[in-house]
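Heads up: the structure comes next, in structure tokens.
The values are calculated or read from the model by the stated rules, or taken from the named source; none is laboratory data. Just so it is clear, the model here is predicted, and its values are computed rather than measured. Neighbour counts are summed over all protein chains in view; Cβ atoms, including those assigned to glycine, are modelled from backbone coordinates with ideal geometry.
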Amino acid sequence: MKDLVIIGGGPGGYVAAIRASQLGMDVALIEKDELGGTCLNRGCIPTKAYYQNATVLRILARLGDYNVTAGSINFDMAGARRRKEQIVANLVSGINNLLKGYRVEVIKGEAAIAAPRQVQVNGKEISTRRILIASGSQAAALPIPGVELPGVVTSTELLELDTVPQRLAIIGGGVIGIEFACIFNAFGSKVTVFEFLPNILASIDKEIVRRMGVYLKKQEIEIHTQAGVERIEKNGGALSVVARGKKGTISCEADLVLLATGRKPCTGGLGLEQLGINCEQGFISVDENYETSVPGIYAIGDVIPGPMLAHVASEEGIVAVERMNGLKHSLNYDAIPSCVFSFPEIATVGLSQEEAQARGIDLKVGKFSFAANGKALAMGETDGLVKVIADAQDIIIGVHIIGPHASDLIQEASVIVKNKLKTAEVAGTIHPHPTLGEALLEAVLDVNGKAIHSLPKRR
């Protein structure tokens with residue numbers, strides 16, 4: 001009899017397994033593919049490996065700005081893929097070793113829940129006191145004529161390319177679509193993005209998104225919003241994407257079409273209906289302990305409502321396991337950081353201005369531009385700003401960054417928002433000079449018109 005069987009070895013499942021073992025539980029982890037899940041094998045990590053290639057290429061394209069002269073630049077896509085695969089393999093091996101070290105029994109196979117205390121895998125039944133579903137998500141299928149054509153791919157296939165497509169059309173302007181747009185633009189593709197909604201990156205603060213639109217245009221990435229794709233057609237040796245836009249039909253030829261229109265929970269074959277587990281729009285319903293409607297069965301990560309983010313799944317896994325053991329740990333969903341690895345980067349934590357206004361919060365906003373930051377100027381990366389949102393009591397409830405190393409800067413902002421710090425408490429924290437972090441401090445000061453390196457606010 002196991003104390004816990006976890007279904008899914010992604011960032012939610014394997015982290016939960018380690019924490020459960022730390023708490024003295026006898027744990028089995030079932031994974032049908034590779035440890036690390038989509039994030040490590042087909043998502044976050046492979047994409048960031050390519051993002052680093054793109055970053056280097058962008059720097060090399062601007063050598064003249066740094067008074068450096070060099071010869072021709074050649075990019076080997078097949079070599080980049082091999083580098084990516086080695087990075088992934090190293091991390092998968094590391095997770096394997098961690099789980100062995102914590103005496104977690106890892107079983108490769110496809111699981112089904114036979115009963116609240118019974119899990120079937122590889123023709124065998126495992127008895128367990130509790131079950132945790134952490135099976136993640138998969139790319140959502142699109143009901144668009146032509147999606148089955150050769151050359152129409154998901155992010156999984158795109159990550160396996162050995163050559164760079166001359167023209168890349170992307171259907172979907174969310175995080176995945178915009179990240180790949182920036183990466184493959186740097187690789188040399190002509191990129192066109194189609195987004196059905198009025199704005200790309202729909203969940204992000206609208207001011208940040210407006211600025212991102214300007215920066216994408218500067219990179220010659222073509223964006224069509226409010227553009228519903230009607231069909232994909234074969235056109236000689238190429239593909240043609242046909243969409244209905246604000247002003248009529250839009251047509252774009254491409255050598256490759258990426259479907260980046262979101263993800264859906266991966267729960268098929270688990271036996272949820274037979275068990276009577278409540279679901280809503282495909283997502284498993286859970287309570288504050290992450291327990292489903294069936295006692296003893298829990299769920300975390302992409303299979304439950306909420307942000308589909310690897311770090312959220314990991315934290316939910318920790319909280320769920322600790323709650324099983326009587327510990328009072330909780331997750332503040334208003335203090336979850338999120339990053340877009342675009343050019344420039346975007347990172348946010350807390351409420352956007354629109355979300356705060358929708359809640360009726362009386363807010364104040366502070367901003368500071370990277371163009372006035374010494375480190376950003378020295379780096380030659382001055383696009384973007386830091387935006388800080390505080391309530392009437394001066395508690396910082398949101399931070400939104402677009403600019404260099406936004407994904408690193410958001411760490412400090414996450415601590416600020418999680419701990420509900422006031423602007424005066426952050427203002428008394430000395431930031432080293434010259435650093436990008438000074439831009440965050442200045443934006444905090446600007447909430448009350450106290451920024452040192454900004455002109456006074458108009459009264």
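Picking from GLY437, GLY428, which residue would you name as being in the same structural domain as THR348 (by TED's automatic domain parsing) and at pLDDT below 95?
Sole residue among the options that is in the same structural domain as THR348 (by TED's automatic domain parsing) and at pLDDT below 95: GLY428.
Counting residues that are under 19 Å from the mean Cα position of the chain (by Cα) and surrounded by fewer than 23 Cβ atoms within 10 Å (Cβ to Cβ), which helices (runs of 4 or more DSSP H) fully inside the range 1-69 reach at least 3?
In the range 1-69, the matching helices (runs of 4 or more DSSP H) lie at 44-60.
Within the range 226-245, count every residue that is in contact (Cβ under 8 Å) with a residue 60 or more places away in the chain and part of a loop (DSSP other than H, G, I, E, B).
Residues flagged as in contact (Cβ under 8 Å) with a residue 60 or more places away in the chain and part of a loop (DSSP other than H, G, I, E, B) within the range 226-245 amount to 0.
Here's the yes/no breakdown for (1) within 29 Å of VAL15 (Cα to Cα); (2) touching a Pro at 6+ places or on another chain (Cβ under 8 Å); (3) in contact (Cβ under 8 Å) with a residue 12 or more places away in the chain; (4) of a type in the set (Phe, Trp, Tyr):
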| position | (1), (2), (3), (4) |
| --- | --- |
| VAL119 | yes, no, yes, no |
| ALA139 | yes, no, yes, no |
| PRO145 | no, no, yes, no |
| PRO150 | no, no, no, no |
| GLU160 | yes, no, yes, no |
| PHE196 | no, no, yes, yes |
| ILE208 | no, no, yes, no |
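Sort through ARG167, ARG129 and tell me the only one that's in contact with a strand residue (DSSP E or B) (Cβ under 9 Å, 6 or more places away or on another chain), surrounded by fewer than 20 Cβ atoms within 10 Å (Cβ to Cβ), in the same structural domain as MET324 (by TED's automatic domain parsing) and at pLDDT 95 or above.
ARG129
If only one of ALA89, ALA80 is under 26 Å from the mean Cα position of the chain (by Cα), surrounded by 11 or more Cβ atoms within 10 Å (Cβ to Cβ), in a helix (DSSP H, G or I) and free of Cβ contacts under 8 Å to residues at least 24 places away in the same chain, which one is it?
Testing whether each residue is under 26 Å from the mean Cα position of the chain (by Cα), surrounded by 11 or more Cβ atoms within 10 Å (Cβ to Cβ), in a helix (DSSP H, G or I) and free of Cβ contacts under 8 Å to residues at least 24 places away in the same chain leaves just ALA89.
Can you confirm whether the range 387-403 contains a residue that is among the basic types (Lys, Arg) and either closer than 18 Å to SER203 by Cα or assigned to a loop (DSSP other than H, G, I, E, B) (or both)?
Scanning the range 387-403 turns up at least one residue that is among the basic types (Lys, Arg) and either closer than 18 Å to SER203 by Cα or assigned to a loop (DSSP other than H, G, I, E, B) (or both).
Looking at this structure, is LYS387 in contact (Cβ under 8 Å) with a residue 24 or more places away in the chain, of a type in the set (Lys, Arg) and surrounded by fewer than 23 Cβ atoms within 10 Å (Cβ to Cβ)?
No.
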